[in-house]
Protein chains: 2
Amino acid sequence: MCGIVGYIGHRQADELIIKGLERLEYRGYDSAGIAIINNGLAIFKKAGKVKALRKMIKTSDTSGTLGIGHTRWATHGEPNDKNAHPHMGNNGRLALVHNGIIENYAVLKSALMAEGHTFSSDTDTEVLVHLIEEIQKEGNLALEEAVRLALNRVEGAYAIAVVDRNNPGILVGARKQSPLLVGIGDNEFFIGSDASPFLDSTKRVVYLEDGQVACISLEKGLQLRNTANEEQPPFIQTLDLQIEALEKEGYEHFMLKEIYEQPKTILDAMRGRISSKESRVTLRGLEEYANRFVRANRIIIVACGTSYHSGLIGEYLIEDLARIPVEVEYASEFRYRNPILSERDIVIAISQSGETADTMAALELAKQKGAMIYGIVNSVGSSIARLTDAGSYIHAGPEIGVASTKAFTGQVTVLTLLALSLARKLSTISNTYFQTLVRELELIPSKVEEILKENDHIKYIAKEVKDHHNALYLGRGYNFPVALEGALKLKEISYVHAEGYPAAEMKHGPIALIDENMPVYVTATNKSAYDKIVSNVQEVVARKGRVIAIVNKGEKLIAKIADHVIEIPSTEEPLTPLLSVIPLQLLSYHIAVELGRNVDQPRNLAKSVTVE
Amino acid sequence: MCGIVGYIGHRQADELIIKGLERLEYRGYDSAGIAIINNGLAIFKKAGKVKALRKMIKTSDTSGTLGIGHTRWATHGEPNDKNAHPHMGNNGRLALVHNGIIENYAVLKSALMAEGHTFSSDTDTEVLVHLIEEIQKEGNLALEEAVRLALNRVEGAYAIAVVDRNNPGILVGARKQSPLLVGIGDNEFFIGSDASPFLDSTKRVVYLEDGQVACISLEKGLQLRNTANEEQPPFIQTLDLQIEALEKEGYEHFMLKEIYEQPKTILDAMRGRISSKESRVTLRGLEEYANRFVRANRIIIVACGTSYHSGLIGEYLIEDLARIPVEVEYASEFRYRNPILSERDIVIAISQSGETADTMAALELAKQKGAMIYGIVNSVGSSIARLTDAGSYIHAGPEIGVASTKAFTGQVTVLTLLALSLARKLSTISNTYFQTLVRELELIPSKVEEILKENDHIKYIAKEVKDHHNALYLGRGYNFPVALEGALKLKEISYVHAEGYPAAEMKHGPIALIDENMPVYVTATNKSAYDKIVSNVQEVVARKGRVIAIVNKGEKLIAKIADHVIEIPSTEEPLTPLLSVIPLQLLSYHIAVELGRNVDQPRNLAKSVTVE
């Protein structure tokens, strides 16, 4: 969950690394650090964002053309100066940055302490650099050789970059279950957790595979070896990405920009895949494996966080329209449960980044068991995209705000297409209904536009409710997962303890929480069960809870008793999540802004979670 | 969700009804009221508990031998005097008490207002009594006839009792989807939502069926008619229940008594069903339908609240041991989703009361679709027990504390037996492992005893954490549902906003909530994934969260970094929930007591939820 940058070449490394770290802050921003080789080894590190590091080194000598840098998301040891990366061993030669978790660090640490090593941080990472130092010292080995041998003794996940004062012409990197790639420039090389740190210098990259160690020098270029010490040829790809797409385009925050992009991103997710004129829905990844889908016994969706919520909507969509039983599982739970899987089952993984460690581990298990695996991913070329048998990208573009918005609606759009396509193949819905849904789906982007026009009204409501420290979100059917997602959004960026529930469950416990200090956000746009949700709202009002309701235009009953009402256009029931989630995203955004939170980089979080 | 009492006989009705209402307060206690026929019609009603009503009528004339009473759980209209039952029409003849929801009350109310009726409350109930009055007036009809015709025009769920000033010898009752039964004494009759109001007078009862109207007079006794006006013979049963079982037995609260009963109730749930000597697990209800279970395609568990959490544990148990795919659904969601069900699927309903309206509605749907339905229920003879094809009682005895404890462990015990029995039949686990689990299961009651001895230590921790307004509960695998249940317990009785999560999901959002004000309750008794949960605890500690951990005796790693640790005996992993939930129950109990909450009757809640 941390960000790694490395550079070796003919230019000054410091500014290239610092700029790269700033671009990687979406991966974590608890602390930052840099190590530069110049005659000796200069290390600077500091708790807080990269900005603090930049300020710190302003007056120091950081000249040199070889270096590594790190922006951290804490796992072991709290985010302070001493736990910041790079970490060093005891003899002052090595500096190392690390993303991931060394699971057997406690055992290794004891052994190293017995050898006389002393430690100055609480991190698992520091153990690794000491281990490399020890192995290097014992055998008088080359850096890359010592790294390779050390990694053979490590359990866990890692992407690392290492430099050695006594080998001033070599940069070493390695990965296992955490992303790392090498950028190949003009007689210069980069290392990054993704390509953004060096995209303005080169678009030619090599993705490291699990277990590979890269040794980079200006003389010999990039050399790759696996853990068994076999040389492996690098596979160079050319990326098609624009660095400008990473900017805020005038919005105050990335999150707001991304909320407003949704009419376009939902359209992008459908582009070329849907046509009401031809009465057609086509997902290329699905067509390839159509037979397996049609004969599927069960579909299991694995995901985490926001993607888990879109998976729940996928369950409603696929069961409702295509009549195939669907189970949605937290990836982390699925992984450790010896799940029941056969070759007639299909596992769908949903992940914005395509690097979510829990989801990847789940997929590897599913693959072992012979299930077909399908990915719904945003990041092109990401680990999950490469691991799956087939899949559909959501094409939402880079999502920088830590709280996912456009990726969520992109995922739901693709799941809707998937359900519709399967329903068509299985003849589980009538042609008329299919055509109605396709036509309505094409109208969604313009209806989202319409909802975005309510922004001022929603901002006003946010001001009214901002001081409550708790919140409940209620919905039924298709809008139950939307309630979960609305609550997660508020949690993530405003630190308000919000929780989602199926509306009817409230009276089985959570209703005890309701009094005049508890705002209750109700989505009541379902046509089915509408009477029931009106009763649920009555129950809240009877206990003096404050109700903020999302209703269809012209709704009368709830409008009369709720404190605030947000009207949205109506649509077919299976498509309501794509509309009803928008006001909840805006509400969370404005509440967080009102509370003075750091919307795009909320505390404790990281954009993509690459540790289990 | 309300409690209804009625009496007609030769004794004074007031004291019998008030005492009956006190016994029914577990069904709701927002307000109470009574109506007595004596020359005229005397009505008294008051917001608050039955105690307030008792005080109010002390100095009034409530003599008379026919009357009805009500203790309310508000659904329409807040809990105040005017919304309390009984409700009257406009001509002063009728008084009516009601449990349930009249869904089409708005339409009926408009029509009645057009006829000149005026209303004095916000309830749906008042509409019903006006409707009866209007029909009675139009046709100059007998009371029971007017009630029957009115009910034909009503949508929703109800149990009602009605008296008429001009018919001083008649008591009328009716039910649809809410429980109601008639007690038959010695030339006297009772009506009740359950038998507790009259158990000391008679044990002979008639359970009303959906759509039946009971007309009771001392001359003709009990007469039953269905909505089509056909006379139906009453089926009289004799109950085997002791009223003393309803008392607190010296504990300060029912909840604490029920927590301490668990070594016995878990044993009761296993009694006669398990023998390690004979290497045997037998559930009679299952044996009857063994073939259908063994050939089952899928098992779908439907439940609400605490029972939903035991269902989730059931999913882990059955999938893990018997390798049959299981899906757990909120009953309310299942009901409105057109679920995929075939005759090869089995639906298991879990409900303490056996009267949970959402669960009943789900079962009716499942039955229509041809699935076999199986009940795991506490209340013998309850609606769900009568509706299912087969089932297993948990035999926990009456549970009075609104927060379910012994019913939860009883449900989990029965689900464990079910999974073991299926695993045996399907040969999905080895004989050795089967035998190990059976032997370990027999040891659970004594291990629960051992945990209960930690009560003082747990009380001390409760004092330390009581002032935090929020809490997170984390667990993995079998202990993930335990985390959900722990959070629900705290919510219900202390009004602290507690939420459960699978431990690994924390970093996908909820970790943003963590700071020094957020206690985090972690259950880390799993052997599998233990390393991972240690990492999760590290992540919390790194952000200054306060960790209270449930660990196995002798655990070292978490014990070193957590603020508080509760040690429990170890057992086989599938059985851990039966142990790990106990300290969480005690913690919730002591926190609520420290906060001065009404533990047995928390605000806004009712023991069994008989409205959807």
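The values are calculated or read from the model by the stated rules, or taken from the named source; none is laboratory data. As the structure is a prediction and not an experimental result, all values here were calculated from the model. All Cβ positions, glycine included, derive from the backbone under ideal geometry; neighbour counts span all protein chains shown. Only protein heavy atoms, including side chains, enter the accessible area calculation; ligands, DNA and RNA are left aside. Shrake-Rupley method; radii C 1.70, N 1.55, O 1.52, S 1.80 Å.
Label position 7 Å from Cα toward Cβ: report the copy-to-copy distances for B:ASN229 in nm, one decimal, ordered from shortest.
Relative to the other copies, B:ASN229 has label-point distances of 9.9 nm.
With the radius of gyration and the Kirkwood radius both derived from the Cα set of region A:38-155, what is their ratio Rg to Rh?
A ratio of 0.96.
Taking the Cα centre of region B:533-612 as the origin, how large is its charge dipole in debye, to the nearest 20, when only Lys and Arg (+1) and Asp and Glu (-1) carry charge on their Cβ atoms? Numbers along the way, then the final one.
Values: 9 positive and 9 negative charges, 69 e Å.
Result for region B:533-612 is approximately 340 debye, rounded to the nearest 20.
Mind checking the log10 I(q)/I(0) for region A:265-377 at q = 0.10, 0.15, 0.20 Å⁻¹? Debye, one equal scatterer per Cα, no solvent, two decimals.
Ignoring solvent entirely, the Cα scatterers give -0.29, -0.66, -1.14.
Rounded to the nearest 500 deg cm²/dmol, what is the calculated helix-only ellipticity per residue at 222 nm for chain B, with -39500 (n - 2.57) per DSSP H run of length n ≥ 4?
Roughly -11000 deg cm²/dmol at 222 nm, from the helical runs in chain B.
Report, for the protein assembly as shown, the % of DSSP beta bridges that are antiparallel, rounded to 5.
60 percent
Less than 15 Å Cβ to Cβ from B:SER342, Lys/Arg counted +1 and Asp/Glu -1: what total charge do the surrounding residues give?
For residues surrounding B:SER342, the net value is +4.
Which whole-number percent is the relative contact order of region B:248-450 (Cα, under 8 Å, 6+ apart)?
30 percent
Take the Cα gyration tensor of region A:522-586, multiply each eigenvalue by 5, square-root it, and list the three semi-axes largest first, rounded to whole angstrom.
Values: eigenvalues 74, 34, 20 Å².
For region A:522-586, the semi-axes come out at 19, 13, 10 Å.
Per residue, how big is the convex hull around the C-alpha atoms of region A:488-540? Give it to me in cubic angstrom, could you?
Once divided by residue count, the hull of region A:488-540 is 87 Å³.
Once every Cα of region B:133-228 carries one equal point scatterer and solvent is ignored, give the base-10 log of I(q)/I(0) from the Debye formula at q = 0.15, 0.18 Å⁻¹, two decimals.
Per q value, in the given order, log10 I(q)/I(0) is -0.57, -0.81.
Between B:LYS560 and the same site in the other copies, what are the distances in nm, shortest first, taking label points 7 Å from Cα along the C-beta direction?
Here B:LYS560 shows inter-copy label distances of 6.5 nm.
Can you give the charge dipole size of region A:248-450 about its Cα centre, rounded to the nearest 20 debye, using +1 on the beta carbon of Lys and Arg and -1 on the beta carbon of Asp and Glu? Before the final figure, lay out each step's value.
Details: 23 positive and 25 negative charges, 134 e Å.
Its charge dipole is roughly 640 debye.
So the label point goes 7 Å from the Cα of A:GLU15 along Cα→C-beta, right? Which residues of region A:66-104 then have their backbone N under 12 Å from it?
Label zone hits: none.
Summing Lys, Arg as +1 and Asp, Glu as -1, what charge do residues with Cβ under 10 Å from the Cβ of A:SER382 carry, A:SER382 excluded?
Working: positive: A:ARG386; negative: A:ASP194, A:GLU355.
Local charge sum for A:SER382: -1.
Charges at C-beta only: +1 for Lys and Arg, -1 for Asp and Glu. How large is the resulting dipole of the protein assembly as shown about its Cα centre, in Debye rounded to 20?
Details: 134 positive and 154 negative charges, 40 e Å.
Here the size comes out at about 200 debye.
In nm², what is the average projected area of the convex hull enclosing the Cα atoms of region B:3-245?
The orientation-averaged projected area of the Cα hull of region B:3-245 comes to 11.9 nm².
Can you tell me which of A:362-375, A:179-192, B:347-360, A:510-523 comes out highest on packing, and rank the rest after it, using the mean Cβ neighbours within 10 Å?
In descending order of packing, they fall as B:347-360, A:510-523, A:179-192, A:362-375.
Karplus couplings for region B:411-417 from phi (6.51 cos²θ - 1.76 cosθ + 1.60, θ = phi - 60°), rounded to Hz, Gly and Pro as x?
Here the 3J(HN,Hα) series is 5, 5, 4, 5, 5, 5, 4 Hz.
Could you tell me the largest-minus-smallest coordinate of the C-alpha atoms of region B:248-450 on each of the three principal axes, in descending order and whole angstroms?
48, 40, 24
Of the beta bridges DSSP finds with both residues in chain B, what % are antiparallel, to the nearest 5?
60 percent
What is the extension gain from B:ALA111 to B:THR59, computed as 0.36 nm multiplied by their sequence separation minus the C-alpha to C-alpha distance, in nm to one decimal?
14.8 nm
List the accessible area buried at the contact between A and B, summed over both sides and calculated with a 1.4 Å probe, in Å² to the nearest 100.
7000 Å²
Quick query: amide H of A:ILE191 versus all other amide H atoms, modeled in the peptide plane; which residues come in under 5 Å with a sequence gap of 5 or more or a different chain?
When sequence neighbours closer than 5 places are left aside, the close amide H contacts are A:GLY6, A:TYR7, A:GLY183.
Hey, if you put +1 on the Cβ of every Lys and Arg and -1 on every Asp and Glu Cβ in chain A, which of A:VAL565, A:VAL496, A:VAL162 ends up farthest toward the positive end of that dipole?
Farthest towards the positive end: A:VAL565.
Using only the alpha-carbon atoms, how far is helix B:305-317 inclined from the longest principal axis of chain B? Give it as 0 to 90 degrees, nearest 10.
For helix B:305-317, the angle is close to 40 degrees.
Take every residue in peptide B:529-538, count the Cβ atoms of other chains within 10 Å of its Cβ, and give the average of those counts.
Average per residue, whole number: 4.
Please work out the C-alpha center-to-center distance from region A:1-23 to region A:39-89 and express it in whole Å.
Taking the Cα centre of region A:39-89 as reference, the centre of region A:1-23 is 11 Å away.
Just to be sure I understand: if I project the alpha-carbon convex hull of region B:177-242 onto a plane and average over all orientations, what area do I get in nm²? Walk me through the numbers before you get to the answer.
Numbers: hull surface 17.9 nm².
The orientation-averaged projected area of the Cα hull of region B:177-242 comes to 4.5 nm².
Note down the net charge around B:ALA331, summing +1 for each Lys or Arg and -1 for each Asp or Glu among other residues with Cβ under 13 Å from its Cβ.
So the surrounding residues net to -3.
Could you sort out which of A:LYS58/A:LYS203; A:LYS463/B:LYS51; A:LYS277/A:LYS459 sit more than 31 Å apart by Cα distance in this structure?
Correct reply: A:LYS463/B:LYS51; A:LYS277/A:LYS459.
Given A:MET88, B:THR409, B:SER342, which one lies farthest toward the positive end of the charge dipole of the protein assembly as shown, if we put +1 on the Cβ of every Lys and Arg and -1 on the Cβ of every Asp and Glu?
Selected residue: B:SER342.
Could you state the accessible area per residue of region A:119-164 in Å², with a 1.4 Å probe and every protein chain left in place?
30 Å²
For region A:460-558, which trypsin sites (Lys or Arg not before Pro) are both in a DSSP coil and crowded by at most 14 other Cβ atoms within 10 Å?
Numbers: sites: A:LYS463, A:LYS466, A:ARG476, A:LYS489, A:LYS491, A:LYS507, A:LYS527, A:LYS532, A:ARG543, A:LYS544, A:ARG546, A:LYS553, A:LYS556; in loops: A:LYS466, A:ARG476, A:LYS527, A:ARG543, A:LYS544, A:LYS553, A:LYS556.
Counting only loop positions with at most 14 other Cβ atoms within 10 Å, the trypsin sites (Lys or Arg not before Pro) in region A:460-558 are A:LYS527, A:LYS544, A:LYS553, A:LYS556.
Note the per residue figure in Å³ for the convex hull of the C-alpha positions in the protein assembly as shown.
Per-residue hull volume (Cα only) is 172 Å³.
If you build the Cα gyration tensor of region B:454-599 and take the root of 5 times each eigenvalue, what three semi-axes come out, in whole angstrom, biggest first?
Result for region B:454-599: semi-axes of 21, 17, 14 Å.
Scale the Cα Rg of chain A by the rule-of-thumb value 2.2 N^0.38 Å and send over the ratio, two decimals. If you can, show how the numbers build up before the last one.
Details: Rg = 25.6 Å, N = 612, 2.2 N^0.38 = 25.2 Å.
It is 1.02.
Taking each label point as 7 Å beyond Cα in the direction of the beta carbon, state the distances from B:GLY139 to the same residue in the other copies, shortest first, in nm.
The answer, with the shortest distance listed first, is 9.7 nm.
Calculate the spin-label point distance for A:ASN291 paired with A:SER528, positioning each point 7 Å from the Cα along the beta-carbon direction, and give it in nanometres.
Spacing of the two 7 Å Cα→Cβ label points: 3.4 nm.
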